[in-house]
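> Pasting in a structure now, in structure tokens, and then I'll have a few things to ask.
The values are calculated or read from the model by the stated rules, or taken from the named source; none is laboratory data. Just so it is clear, the model here is predicted, and its values are computed rather than measured. In this analysis, Cβ positions are derived from the backbone assuming ideal geometry, glycine residues included, and neighbour counts consider all displayed protein chains.
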Amino acid sequence: MATTKIEWTESTWNPITGCTKISSGCKFCYAEIMARRLRAMGQEKYKNGFRLTLHPETLREPYLWKKPKMIFVNSM
């Protein structure tokens with residue numbers, strides 16, 4: 001889970017990263033650009049770039065949260 005500057009949420013949680021482009025609306029995808037940047041920075045979750053990737057090690061994270069919060073799930 002990561003804190004965020006997105007005004008309507010407190011944190012993001014991405015147990016899955018990447019995507020499969022399905023329409024012309026995907027041409028300017030912010031997440032693909034960000035994934036490319038994070039991969040270049042050596043972020044482990046983005047070693048596959050924008051290829052759809054499940055991160056099973058993150059699936060239990062919500063059980064560790066001590067209080068309720070607004071989470072943006074699969075923002076990437």
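Table: residues versus (1) in contact with a Pro (Cβ under 9 Å, 6 or more places away or on another chain); (2) loosely packed, with under 15 Cβ neighbours inside 10 Å.
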{"residue": "E7", "(1), (2)": "no, yes"}
{"residue": "G25", "(1), (2)": "no, yes"}
{"residue": "F28", "(1), (2)": "no, yes"}
{"residue": "G42", "(1), (2)": "no, yes"}
{"residue": "Y46", "(1), (2)": "no, no"}
{"residue": "H55", "(1), (2)": "yes, yes"}
{"residue": "T58", "(1), (2)": "yes, no"}
{"residue": "N74", "(1), (2)": "yes, yes"}
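> Look at the stretch 20-55 and say how many of its residues are touching a Cys at 6+ places or on another chain (Cβ under 8 Å), touching a residue at least 24 places away in the same chain (Cβ under 8 Å) and either of a type in the set (S, T, Y) or within 18 Å of I6 (Cβ to Cβ) (or both).
Counting residues in the stretch 20-55 that are touching a Cys at 6+ places or on another chain (Cβ under 8 Å), touching a residue at least 24 places away in the same chain (Cβ under 8 Å) and either of a type in the set (S, T, Y) or within 18 Å of I6 (Cβ to Cβ) (or both) gives 1.
Here's the yes/no breakdown for (1) closer than 16 Å to V73 by Cβ; (2) at pLDDT 90 or above; (3) among the aliphatic types (A, V, I, L, M):
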| site | (1), (2), (3) |
| --- | --- |
| T4 | yes, no, no |
| N14 | yes, yes, no |
| I22 | no, yes, yes |
| L38 | no, yes, yes |
| G42 | no, yes, no |
| G49 | no, yes, no |
| L52 | yes, yes, yes |
| H55 | yes, yes, no |
| L59 | yes, yes, yes |
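> If you go through the stretch 25-46, how many residues are assigned to a helix (DSSP H, G or I) and under 19 Å from P15 (Cα atoms)?
Total satisfying the criteria: 13.
> Is there any pair with a first residue in the stretch 56-75 that is farther than 12 Å from I16 by Cβ and a second that is of a type in the set (D, E) whose Cβ atoms are under 6 Å apart and which are 6 or more apart or on different chains, and what are they?
Pairs found: K69/E10; M70/E10.
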